[in-house]
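Visitor: Provided herewith is a single structure, encoded as structure tokens, for subsequent inquiry.
Quick note: the coordinates plus some simple rules give every number you see, no bench work behind them. Please read all numbers here as calculations on a predicted model, not as lab measurements. Positions of Cβ are backbone-derived with ideal geometry, glycine not excepted, and every protein chain shown enters the neighbour counts.
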Amino acid sequence: MQLTNDDAAAIYARACRAWYGRRAMSVVTGRVQELRRRGDMSGVEAWGKVAAVLSQIKKTHSERSNARGKLY
């Protein structure tokens, strides 16, 4: 089984969420900034994908939480 870079980013985003909880996005964006300072643009791209997946996870989680809070 081969994983794409997008698959790997999704797996790592979920792992970061499990490891760092609410701080996950802060940790990942800090890593992106560090890599950018070092000039590692392939690293910036890879970690940027992780950040994008984390944003999507957060959005989905918020939408689910809001839906549960509504009275029908």
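Visitor: Can you tell me how much longer the chain between T60 and R22 gets when fully stretched, taken as 0.36 nm per residue apart minus their C-alpha distance, in nm with one decimal?
Guide: Result: 12.3 nm gained on full extension.
Visitor: Something else now. Which whole-number percentage describes the relative contact order of segment 1-48, with Cα contacts under 8 Å and a sequence gap of 6 or more?
Guide: Worked out over segment 1-48, it gives 32 percent.
Visitor: What's the magnitude of the charge dipole for segment 5-69 around its Cα centre, counting Lys and Arg as +1 and Asp and Glu as -1 at the beta-carbon? Answer in Debye, nearest 20. Could the numbers behind the result be given before it?
Guide: Working: 13 positive and 6 negative charges, 73 e Å.
I would put it at about 340 debye.
Visitor: Mind ordering 5-11, 49-55, 36-42 by average Cβ neighbours within 10 Å, highest first?
Guide: Numbers: 5-11: 14.0, 49-55: 19.0, 36-42: 10.6.
Ranked by mean Cβ neighbours within 10 Å, highest first: 49-55, 5-11, 36-42.
Visitor: Per residue of segment 31-44, in order, report the coupling 6.51 cos²θ - 1.76 cosθ + 1.60 (Karplus, θ = phi - 60°) as ³J(HN,Hα) in whole Hz, putting x for Gly and Pro.
Guide: 5, 4, 5, 4, 5, 5, 4, 7, x, 8, 6, 5, x, 4
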